[in-house]
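The values are calculated or read from the model by the stated rules, or taken from the named source; none is laboratory data. Not measured: the values here are computed from a predicted model. Heads up, the Cβs are rebuilt from the backbone with ideal geometry, glycines too, and the neighbour counts pull from every protein chain shown.
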Amino acid sequence: MNKNLKNFFYPKTFCIVGASSKEKSIGYELLKSIKEYGYTGKILPVNPKAEEILGYKCYGSIEEITEPIDLAMVVVPKAFAEDSIDKLLNKNVGSIILVTAGFKEVGKEGEEAEKRILKKIKNACARMVGPNCMGIITTFNEISLNATFVAEKPEIGRTAFLSQSGAIGAAILNSLRETDIRFGHFVSVGNKADISENDLLPFWQEDKQIKTITFYLESFVDGEKFINNFTDKKITKPVIVLKAGRTSSGMKAAQSHTGALGSSDRVVESVLTQFGIIRANSLNELFNSAKGFENFPLPIGNKVAVVTNAGGPAILAVDSLDKNGLKLADLSENTKNKLREIVHPEGSVNNPVDLLPGGTAEQFKTVNEILISDENVDGVVSVFVEPVMVPALPVIEGINDIKTKKPLLQVVMPLPEFWENYRKNSATRKPLFRNPEDPAKVLADMLFYSNNMKGKEFLSASTSKFKTNKSGFLQPTEIEQLMKKYRLPSVSNQFIKADSINKQMGKIEFPVVVKGIAKDVVHKSELNAVKVNIKNKKEFNEAVEEIKKSFAKKKIEVEEFLVQPFVKGKHEILIGGFRDPSFGPMIMFGSGGKYVEVFNDTCLKSAYLSDEDIDQMINETKIGKILKGVRGENPFQISKLKKVIKSSAKMMLDNPGIKEFDFNPLIITKDNTIFAVDVRIKM
Ligand code: ADP
Ligand code: MG
């Protein structure tokens, strides 16, 4: 494990540059949090004026410190920050947290200062968290470090949490007594000048005390690097991401269908799903799922039993199951018989099981036991709304006592006093959920994770011999070269200069398609420049004249005519790709032809595809389902299609120079052939 990284979370000595004796100042509150939380290492506060603060001996300067510093935190005003960093690096400090703000986030001058500092950090082979961040926490007893200015007492858990926003981090810490979130590591990474999710993801994977990895992110510093941790199968722990900023703006200046259809949030969504990374839609979801992973066994299927003492909340719970792809389990006859002996005749022994408001602690426990041991049931959600006659605590505790290898999640809707009572008097303090909708997403996330653990093999990049150093659209000969190399099926293309049409006519084998080509024409059919099923010379001449005429109307000259054999198609599909600025090579499959945007029937994935991903692309699109055969039609040979998708992705991976490409359409015939008839590759 990298020593500098490790020292952020497991420091034996901890230096605070800018410790202060002024109450309410960051330098004071920080020291106070550290003291009150009981840090096990040695604290080395630096302050030129004070002898001691809060009982700790102060050092007048960094130079005065003689012992090695594992971790240093800089909280001085911006004007002194760079100097402090210099002095720390002079002392060979390898791990620095720069809390001070006023860098990249405030503009050009700050950005330059940040760059300068980063360069020094890199030159010294040190690592830095921040700037503009709010600190770090390790709850584990061996360290007990709360180096933040929120003086709460976080409880020990095995979740690691990275927050790109200091305020979100602080809000989470402020909420701990209410939310019962427990974590092992907490870090606010601020501007992510150096340390980012890309360092901490592999670090936490390696740290045996961490079970679940969670991120609040506003951006990915290098999305492709992030996902390569997954394509290389380095990550086995559950990873949950809350990604803020769901903008739907398309890729800027996209010149292909594929680029325009791949908005940035769509990219994030598809990439996270593809690599088994859980996406949370809110902080509540993020920590609910983290609690699920940490405290309950993984479900092995999606069949859930619900038990309740109240109709409404149970309905909401069931709706939420449905929304999250889970099912109400069909209870076995044996289970129902057993339930009949307990459940009030006016209640229900069908799923959701209703005990009515009179349901006692004993009934709740027995019913939960019966449900969880039904082999048709993969998990149970127990929903308890506290009525006047049945106190909540015994009900909850009774259910907490049940020993099971399946997840049993409890929703409690009690009087407010309950929570304090539960914290003080519960033997297990297992997490409880507050909304009937919550458990479904938790169970769905856990199931998603366990299904994704099944060994997928991802495509990887190799170096391509195809080289071109120009930018813009590739020329036909270059396209041909690439298509051959990746065995991508293309119709034969015959390019004829506009002025030698008559000379070349003899060589044409009808029926053909004639297309007018000019540099500025991207969508040929819009200009009436695609004439299909031309059967003889006469029709050919007419087509050529018509194309010339419609070009002339727009004051464009036809540079060449493209003549292709006419492929009598049954379906038109699209395969395309683009390079996302963050996540890199992406690939899209779907309905093709002139109406792609209208059909909007595409599936987008990272080009690091597994075979399962290719199957999914086909299964998730309407055209994919049609190609597999509907209403007694002969299915298309899907293996051929899969090969084409795979080689297209491979082409994208191997050739980083390709910015975008579009095969639109590839025509599929009824005798199982597939040909690209319109290919654009942009470098
Ligand atoms: P553009 O996308 O620039 O408008 P295309 O070359 O994709 O032009 O052609 C538009 C449409 O013409 C295709 O979607 C397809 O329906 C038809 N088409 C093009 N080439 C052929 C061909 N070789 N055989 C049969 N139909 C074709
Ligand atoms: Mg086209």
Answer from 343, 388 - the residue that is assigned to a loop (DSSP other than H, G, I, E, B), within 23 Å of residue 327 (Cβ to Cβ) and more than 34 Å from the chain's Cα centre (by Cα): 343
Matching residues, the stretch 666-683, being charged (D, E, K, R) and either more than 12 Å from ligand 1 (Cβ to nearest atom) or more than 16 Å from residue 568 (Cα to Cα) (or both): 670, 671, 680, 682
Qualifying residues in the stretch 412-438 (those that are of a type in the set (Lys, Arg) and in a helix (DSSP H, G or I)) - the one surrounded by the fewest Cβ atoms within 10 Å (Cβ to Cβ): 424
Residue ID - nearest to residue 298 (Cα to Cα), chosen from residues in the stretch 367-394 that are in contact with an Asp or Glu (Cβ under 9 Å, 6 or more places away or on another chain) and surrounded by fewer than 19 Cβ atoms within 10 Å (Cβ to Cβ): 376
Unmet requirement for residue 554, which otherwise passes all of (1) more than 16 Å from ligand 1 (Cβ to nearest atom); (2) modelled with pLDDT under 95: (1)
Residue in the stretch 573-591 that is in a loop (DSSP other than H, G, I, E, B), within 13 Å of ligand 1 (Cβ to nearest atom), more than 19 Å from residue 620 (Cβ to Cβ) and not hydroxyl-bearing (Ser, Thr, Tyr) present: no
Output for the stretch 540-562, where each listed residue is in contact (Cβ under 8 Å) with a residue 24 or more places away in the chain and among the charged types (D, E, K, R): 548, 554, 557, 559, 560
Cross-chain or 6+ apart pairs with Cβ under 7 Å, the stretch 281-297 first and buried (at least 20 other Cβ atoms within 10 Å of the Cβ), then in a helix (DSSP H, G or I) and of a type in the set (Val, Ile, Thr): 287/179; 288/442; 289/442; 292/442
All positions within the stretch 2-17 that are in a strand (DSSP E or B) and either closer than 14 Å to residue 187 by Cα or hydrophobic (A, V, I, L, M, F, W, C) (or both): 14, 15, 16, 17
Filter result (in a loop (DSSP other than H, G, I, E, B), out of contact with any strand residue (DSSP E or B) (no Cβ under 7 Å at 6 or more places or on another chain) and within 25 Å of residue 288 (Cα to Cα)) within the stretch 351-385: 373
Residue count for the stretch 528-539, restricted to those that are within 16 Å of ligand 2 (Cβ to nearest atom) and assigned to a loop (DSSP other than H, G, I, E, B): 2
Candidate set from the stretch 479-511 (those that are within 16 Å of ligand 2 (Cβ to nearest atom) and in a helix (DSSP H, G or I)); member that is farthest from residue 568 (Cα to Cα): 479
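Quick grid of which residues meet (1) within 13 Å of ligand 1 (Cβ to nearest atom); (2) assigned to a loop (DSSP other than H, G, I, E, B); (3) of a type in the set (Lys, Arg); (4) buried (at least 21 other Cβ atoms within 10 Å of the Cβ):
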residue: 594; (1), (2), (3), (4): yes, yes, yes, no
residue: 617; (1), (2), (3), (4): no, no, no, yes
residue: 634; (1), (2), (3), (4): no, yes, no, no
residue: 650; (1), (2), (3), (4): no, no, yes, yes
residue: 653; (1), (2), (3), (4): no, no, no, yes
residue: 664; (1), (2), (3), (4): yes, no, no, yes
Yes/no for residue 633 being modelled with pLDDT under 95 and more than 16 Å from ligand 2 (Cβ to nearest atom): yes
Residue that is farthest from the chain's Cα centre (by Cα) [pool: residues in the stretch 512-527 that are more than 14 Å from ligand 2 (Cβ to nearest atom) and surrounded by 14 or more Cβ atoms within 10 Å (Cβ to Cβ)]: 512
Strands (runs of 3 or more DSSP E) fully within the stretch 176-277 counting 1 or more residues that are at pLDDT below 95 and surrounded by fewer than 21 Cβ atoms within 10 Å (Cβ to Cβ): 239-243
